Every structure is written in C-alpha cells, then in structure tokens.
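Each remark here refers to the structure printed beneath this line.
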Amino acid sequence: MDAQAATMRPTRAYSVLFADHLADIAADVPLYKSVKQAVDLCDSALRNVKNRVDISDKLSEYEKQLNEISYIPKMSEEEITHFKSLVESVSSLTEERSALMDRLAKFDRSLPVLGKVGDQAEKVVPEMQEAEEYHSALKHDISILEGEKEGLRFERDHLKIGFEFISKFSVGLAMMLTLTAVLLGFVSAAYERDVSIYSASLVFLAVITAVVMYIFRKRITQELTLNTKKQQKAIDILNQKNVVFAFYSNFLNHCYEKYHVRSVSMLQSNLQEYEEYTRVTTRIDNLRRIMYEVQREIEEFMRQKEIDPLQFPMESLAKNTSIDDQKRLYDEIVDAKEKAEEQMTELEERHEAIWDLLTRLKKDRPDMEEEVEGVIQTYLTEVEKVIVS
C-alpha cells in the first residue's frame with residue numbers, strides 16, 4: 001500500500017516547509033486532496049508575501065529618492081526654468097573663478113606691491129637699467145684690476161727674490177775675488193813670481209763684475225719702484241671703482257627690495273603684466289560679489305519653496321546639480337512607484353482571495369481542520385521569518 005501510494009503521489013516538488021504535511025498521507029485518500037489544496041494555497045500565499053516584501057522595499061527606496069528631490073513638485077515650469085538659470089549661473093561663475101584663480105597663481109608674487117609704488121617703478125626703470133649696466137661694467141673692471149694687482153704683487157715678489165739673489169751673489173763674488181787676490185799675493189811673495197798679468201785680469205774682472213752687478217741692481221730697483229707705482233695706481237683706481245660699485249650696489253639692492261624683484265628686466269615684466277593682473281583680481285572680486293548675490297537669491301528661493309538645504313547643499317550646487325536630470329528622475333521614480341503600488345494592490349487582493357479559500361476549506365472540511373490548521377501555522381511561521389528578515 002505504501003509503495004502504491006508513493007507511485008500515485010504527484011511529482012510536483014513542494015517547499016520543504018510543506019512537504020512534511022504530505023509525507024505521511026496516501027495520495028488516494030480524501031485527506032490528501034484537502035491537505036494538498038491547503039499546501040498549494042499556503043505555498044502560493046508565501047510567494048505572494050515574499051513578492052509584497054520585495055515591492056515594499058522598492059517602495060521604501062522610491063520614497064527615499066523622492067524625498068531627496070522633493071523640491072521638484074514644489075516648483076512650476078517657470079520656477080524650474082528660473083532655478084535652472086540660477087544653478088547654471090553658479091556653475092559658470094564657479095568655473096570662471098577657478099580658471100582665474102589658476103591664472104592668478106601664475107603671476108609673480110611681487111605684483112601686488114606695484115599697486116602702491118607702480119608710478120615710482122615706471123620712473124625708476126631707466127635709472128635701474130643704467131645702474132645695472134654700470135654695475136656690470138664696474139664688476140668686470142674690478143675683476144680685471146684685481147687680477148692686475150695680484151700680477152703686480154707676484155712680479156714684485158719675484159723682483160725682490162732677484163734683488164736678494166744678486167745681492168748675495170755680489171757678496172759671494174766679492175769674497176771669491178778677495179780670496180783670489182790674497183792667493184795671488186801669497187804666491188807672489190812665497191815664490192817671487194810675477195803675477196801682474198793675473199792681477200790685472202783679476203782687477204778687470206772685478207770692475208766688469210761690479211759694473212754688471214750695479215746695472216742689474218739698478219735695473220731691479222727701478223723695476224721695483226715702477227711696480228710700486230703701478231700697484232699704488234691700481235689700488236687707487238680699484239678703491240675708486242669699489243666706491244662707485246658699492247653706490248650702485250646699494251641703489252640696486254634698495255630698488256630690488258622695494259619692488260620685490262631680482263632685476264630690472266623682472267620689474268619691466270611685472271609692469272607689463274600688472275595691468276592684466278589688475279583685470280584678473282578685479283574680475284575675481286566682481287565674481288565673488290555676483291556669486292554671493294546669486295547664492296542669496298537661491299537661498300531665498302529655497303526658503304520660499306520650503307526646500308531643505310541639507311537635501312540640496314549649496315557647496316555642491318555648481319558641481320553636480322542638473323535640474324533637467326532631477327525632474328526627469330523624479331518623473332521616472334513617480335511612474336515606477338505607481339506601478340509598484342498597483343502590483344502591491346493586486347498582490348494584496350490575491351492574498352485576500354487565497355486566505356478566503358483557506359478559511360472556506362477549514363469550514364467545509366471540519367474533519368480535516370487540524371491538518372489544514374497545521375499547514376496554515378507553518379505558513380504563518382515562515383511569513384513571520386520573511387517579514388523580520
């Protein structure tokens with residue numbers, strides 16, 4: 001009988017939740033049909049509940065999205081157009097201001113100084129140009145004079161060394177000639193030889209040597225005197241040029257510090273760019289004022305329409321707000337919400353019909369009320385789990 005009943009049972013796979021209610025009932029007995037009908041109704045009702053839960057979640061999400069753009073239905077077409085123009089104004093003004101700020105950052109930081117001393121700077125440019133030319137020329141001349149002074153000092157050191165060498169050489173030569181004369185005298189006295197020729201040669205050599213040594217010493221002395229005069233002249237000229245160089249250095253350093261530049265060419269460049277710099281800063285100031293006025297107008301408009309600023313933050317107004325997209329999104333969400341509500345209504349009506357059938361089934365088969373009630377309790381338990389999750 002059990003095998004036959006097993007073969008007679010339908011092949012439809014029920015949820016594990018309800019399969020237990022049919023497991024111990026033979027398919028050919030009247031009880032099986034009634035329990036199976038209750039299982040079918042509860043299974044259909046459970047799917048209905050799950051669909052309703054899914055749709056309810058969608059409705060909650062739609063409601064949340066509509067709350068975020070709830071200002072849309074509060075505005076007429078004319079007001080949307082006006083609000084859109086305000087938003088576009090903020091966007092364009094923000095982009096322009098950002099571009100001008102980038103451009104302002106490329107100007108030299110010394111340009112603001114010209115706002116106070118611009119007229120003086122234009123007048124002092126020729127003087128600075130002349131001063132830089134003289135300063136550069138003087139620096140070159142001073143470098144040459146320093147080299148000449150060092151050369152003269154080096155030459156004087158060598159002349160002194162030569163003078164000392166000749167002096168020592170003269171003394172040594174004189175001692176050698178004296179020793180030679182003494183030697184000749186000793187030879188003449190000891191050996192009674194005639195040394196007049198040697199003496200005459202020695203005297204001649206001594207005279208010639210003395211003359212040559214004198215000429216060399218005289219020449220070196222003259223060179224030392226001339227070297228001293230050259231050095232003194234070079235020092236005098238160098239001192240004069242250093243004084244003038246210091247004057248131009250002080251003048252240029254004062255101008256550089258006053259106008260916050262490093263050269264007259266930089267000052268000229270700043271003077272050329274100052275007009276453009278002024279236009280940029282003036283435009284930035286004007287943009288700031290215009291943006292403030294537009295922002296005040298938007299805030300007033302939002303207050304009139306009771307729009308929550310937190311849902312429509314001003315700082316993101318110019319970046320990611322598109323009224324057309326928001327209106328189109330609002331319409332799409334409203335349509336989707338209406339369709340979901342219609343589906344929810346249909347599911348609720350279907351659930352009521354299923355529940356009416358279950359109630360009628362219990363009423364028509366009081367002898368099977370316990371088994372049907374067990375199926376319903378299983379259904380209600382699962383419904384509770386679905387709702388809680």
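Structure data summary
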quantity	calculated
Odd one out for M101 among (1) under 16 Å from I376 (Cα atoms); (2) modelled with pLDDT of 75 or more; (3) of a type outside the set (S, T, Y)	(1)
Residue list for region 47-89, restricted to those being touching a Phe, Trp or Tyr at 6+ places or on another chain (Cβ under 8 Å) and either within 30 Å of R350 (Cβ to Cβ) or of a type in the set (S, T, N, Q) (or both)	L66
Unmet criterion (only one of (1) assigned by TED's automatic domain parsing to the domain that holds L152; (2) touching a residue at least 40 places away in the same chain (Cβ under 8 Å); (3) closer than 19 Å to Y134 by Cβ) for Q231	(3)
Residue check, E373 in contact (Cβ under 8 Å) with a residue 40 or more places away in the chain, surrounded by fewer than 15 Cβ atoms within 10 Å (Cβ to Cβ) and among the acidic types (D, E)	no
Filter result for V264 (farther than 14 Å from Q120 by Cα and not polar (S, T, N, Q))	no
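Per-residue answers, yes or no, for (1) under 60 Å from the mean Cα position of the chain (by Cα); (2) modelled with pLDDT under 70:
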residue	(1), (2)
F154	yes, no
H158	no, no
V182	no, yes
S188	no, yes
S199	no, yes
L202	no, yes
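The values are calculated or read from the model by the stated rules, or taken from the named source; none is laboratory data. What you are looking at is a predicted structure, and each value in this text was computed from that prediction instead of being measured. In this analysis, Cβ positions are derived from the backbone assuming ideal geometry, glycine residues included, and neighbour counts consider all displayed protein chains.
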